[in-house]
Amino acid sequence: MPGLEKKSIDPATIQMLKKAQADGCETIFDRADVMKPCPIGAEGSCCKQCAMGPCRVPAPKKKETGVEKAKRTGLCGATAETISARNFARMVAAGTSAHADHARGVTEVFLAAAKGEVPGFQIQDEQKLYQIAMDFGVEMGDRSIKEIAIDVGHKALAEFGRQEGELLFIKRAPLKRQEIWRNLGVIPRGIDREVVELLHRTHMGVDQDYRDLLISAARCSLADGWGGSMISTELQDVLFGTPVPVVGQINLGVLKIDEVNVVVHGHEPLLPEILVQVVQDPEIQKAAQKVGAKGINLVGMCCSANEILMRHGIPVAGNFLQQEMAIVTGVVDAMVVDVQCVMQSLAQVAKCYHTKLITTSAKAKIDGAIHIEFEEHNAPNIAKKILLEAIQNFKNRKPNVEIPSETMDTVVGFSHETINYLLGGIFRASYRPLNDNIINGRIRGIAGVVGCNNARVTHDDPNLTLIKELIKNDVIVLATGCSAMTAGKAGLLTPEAARKYAGDGLASVCDAVGIPPVLHMGACIDNSRILMAATAVVKDGGLGEDISDLPAAGAAMEWMSEKAIAIGQYFVASGVFTVFGVTWPTTGSEEVTKLLFEEFENTFKGKWAFEPDPYQAAKLMIEHIDKKRKTLGIDKARDRVLFDMAKRRELDAA
Ligand code: XCC
């Protein structure tokens with residue numbers, strides 16, 4: 001079947017695409033061929049904020065100026081700038097709300113767990129609880145864990161509905177960063193408040209100054225990165241344990257022919273954590289054997305997978321564009337989904353095979369799926385019910401089953417705290433060795449490579465090419481979400497990958513510490529870990545006073561979700577140069593794009609860039625890193641190191 005290699009670089013995905021075609025089962029890859037993106041919407045020029053529209057206000061033609069250009073508005077007079085900024089801001093609001101709502105659910109369960117009200121959930125990382133308590137100003141003294149946890153839970157919950165003041169985690173940022181934010185007036189007051197206000201501002205006839213809209217979008221995004229996302233990561237760590245290095249396996253080959261396969265897909269780790277416990281229950285195992293299976297094989301998909309991989313080493317079936325592919329194997333007995341990145345088409349694909357699609361969130365139902373709602377007070381029983389559904393379905397498998405053989409070993413679990421311990425030792429945890437190696441040039445810089453897959457580009461290709469280019473050039477990569485899985489499938493999440501793929505400088509550091517050149521830091525909500533790591537590097541000293549001083553950059557080459565825009569925006573607003581691939585949603589307005597791509601550097605000291613070619617994106621990021629090295633006065637050290645390495649190779653060869 002010609003052309004399939006353009007769809008994915010992952011052999012397991014291509015094998016399943018062929019199978020889907022043979023089985024007459026349509027997938028996202030087929031739909032991407034026949035349906036092209038709306039060109040007006042793609043550039044952010046479609047305004048559908050009121051019933052006089054939708055108004056299409058495409059970018060002015062080059063030669064249009066003055067009156068001609070000014071005539072290009074919606075019915076109400078909204079300009080291309082306003083429309084483009086509004087659409088961008090709405091993406092930030094939606095992305096922030098997704099993370100915030102996830103975080104709220106986690107906080108509620110955390111509070112109930114602290115009170116001892118929810119079976120299956122309890123406080124696991126007391127150390128981290130104390131840290132948060134300190135940040136939140138919760139009195140500790142000789143109070144019990146329970147009392148402290150309850151106070152932390154209440155304080156965290158109050159962050160969502162807070163009406164004034166500043167979000168508490170803002171104080172974690174470097175002082176200089178806080179000052180920048182205060183001067184710009186962008187410190188979030190409350191998480192929900194910023195989302196609501198941004199939606200209000202983008203309503204018909206409200207904020208019609210694109211600069212003002214984008215400043216407001218920045219404030220909303222900070223309520224995600226330093227608010228919702230950070231609260232979620234932190235409380236999940238306290239509840240389920242802060243990740244430490246663990247070995248895992250990834251790709252569709254983790255599915256098993258002779259076991260009941262249950263795939264958990266989505267984002268919130270609450271139910272998956274209970275499934276991990278309940279699947280070991282002898283009663284459940286026996287039930288599986290009764291239907292002729294050897295056992296139950298629980299695996300993950302998308303960010304749910306990242307959560308249970310990071311904490312338990314549960315195998316990962318794949319990333320976003322592999323969700324349908326897992327079902328196409330014909331051996332998935334149940335796919336259990338909650339929120340975000342769950343494609344509605346799963347219901348149709350499941351019909352081609354025998355898979356039961358089970359929705360579990362009160363907020364997310366799918367026509368054609370079975371709904372078994374997650375109830376925090378009854379979680380183990382719900383988990384059992386779900387597993388029994390899967391077990392009962394084992395016997396319904398059809399004959400056309402085929403599991404790709406691809407799997408890859410990974411070493412994951414690099415939370416910010418773990419990096420701290422690994423580098424500095426358990427008694428003197430610190431980022432000092434990382435800073436020293438950046439200063440001496442062995443490590444050229446740090447890159448965060450995050451985000452999704454996108455069916456408009458070859459699956460996994462832009463992310464993988466970018467990551468390989470970066471590590472080859474001695475840039476250590478911190479990865480989350482679906483791009484971390486891309487790295488995993490290609491074998492980059494193992495310490496051995498350093499020698500194979502990284503430049504000499506980075507490889508020597510990875511060898512000494514025993515870490516991979518790409519550090520998997522978790523799900524997309526855990527991009528807050530990257531903020532914490534960047535802050536820790538600043539605080540350790542020698543690399544400037546702010547995140548924007550660091551030789552660091554971020555990228556999402558295959559982004560597709562609104563959450564990615566919220567994440568990118570909070571990285572930019574935190575001082576990070578951030579490159580996105582695929583498509584850019586404000587090209588309909590030169591002014592808006594210029595503000596994001598250039599002028600933000602004067603205010604936020606961070607900016608966006610759009611570059612779909614991963615080699616060019618790597619070049620932009622490395623140039624930025626080198627520019628920062630020069631400003632810090634550490635560019636000379638790197639020249640010396642390169643000379644040293646060349647010399648060493650000469651010696652090796654002699
Ligand atoms: Fe979704 Fe989080 Fe994107 Fe993957 S990376 S496609 S958001 S699962 Ni976050």
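The values are calculated or read from the model by the stated rules, or taken from the named source; none is laboratory data. Just so we're clear, the structure is a prediction, and the values are computed from it rather than from any experiment. With ideal geometry, Cβ positions are generated from the backbone for all residues, glycine too; neighbour counts draw on all protein chains shown. Side chains included, ligands, DNA and RNA excluded: accessible areas come from the protein's heavy atoms. Shrake-Rupley method; radii C 1.70, N 1.55, O 1.52, S 1.80 Å.
Annotations
- Rough spin-label spacing in nm, given labels placed 7 Å along Cα→Cβ, for Y130 and A112: 2.9 nm
- The protection proxy used here, the mean number of other Cβ atoms lying within 10 Å of each residue, ranks peptides 361-369, 272-280, 400-408 as follows, highest first: 272-280, 400-408, 361-369.
- Extension gain for the segment V401 to E601, taken as residue separation times 0.36 nm less the Cα-Cα distance, is 66.7 nm to one decimal.
- Solvent-accessible area, 1.4 Å probe, carbon plus sulfur percent, for the chain: 54 percent
- Seen from S361, the other residues with C-beta closer than 13 Å to its C-beta sum to a net charge of -3, counting Lys and Arg as +1 and Asp and Glu as -1.
- Contact order normalised by residue count of region 446-592, Cα under 8 Å, 6+ apart, percent: 28 percent
- Neighbours of D549, meaning other residues whose beta-carbon lies under 15 angstrom from its beta-carbon, give a summed charge of +2 when Lys and Arg score +1 and Asp and Glu score -1.
- Sorting 537-550, 213-226 by their mean Cβ neighbour count within 10 Å, with the most densely packed peptide first, gives 213-226, 537-550.
- Residues whose amide H falls under 5 Å from that of L519, counting only those 5 or more places apart or on a different chain, are V477, L478, A479, with hydrogens built in the peptide plane.
- Relative contact order (%) - the chain, alpha-carbon pairs under 8 angstrom, separation at least six: 16 percent
- Here the sum of -39500 (n - 2.57) over DSSP H runs of 4 or more residues, divided by the residues of the chain, equals -15000 deg cm²/dmol at 222 nm, to the nearest 500.
- Relative packing of peptides 455-466, 595-606, 228-239, 332-343 - highest average C-beta neighbours within 10 Å first: 228-239, 332-343, 455-466, 595-606
- Computed about its Cα centre, the charge dipole of the chain is approximately 1060 debye, with only Lys, Arg, Asp and Glu carrying charge at their Cβ.
- A 1.4 Å probe run over region 1-136, with the rest of the protein chains in place, finds 48 Å² accessible per residue.
- The chain: C-alpha pair distances exceeding 44 Å, %: 19 percent
- Dipole of the chain [Lys/Arg +1, Asp/Glu -1 at C-beta], most positive-end residue of S361, L175, A347: A347
- Heavy-atom surface of region 404-512, accessible at 1.4 Å and reported per residue (Å²): 31 Å²
- Counting only protein heavy atoms and a 1.4 Å probe, region 145-275 has 32 square angstrom of accessible area per residue.
- Span-like helix ranges in the chain, DSSP H, alpha carbon extent 18 angstrom or more, Kyte mean at least -0.5: 80-114, 145-161, 210-223, 379-393, 527-540
- Of all aspartates and glutamates in the structure, the ones whose alpha carbon falls short of 17 Å from that of K605, not counting any fewer than 8 places away in one chain, are E179, E545, D546, D549, E623, D626.
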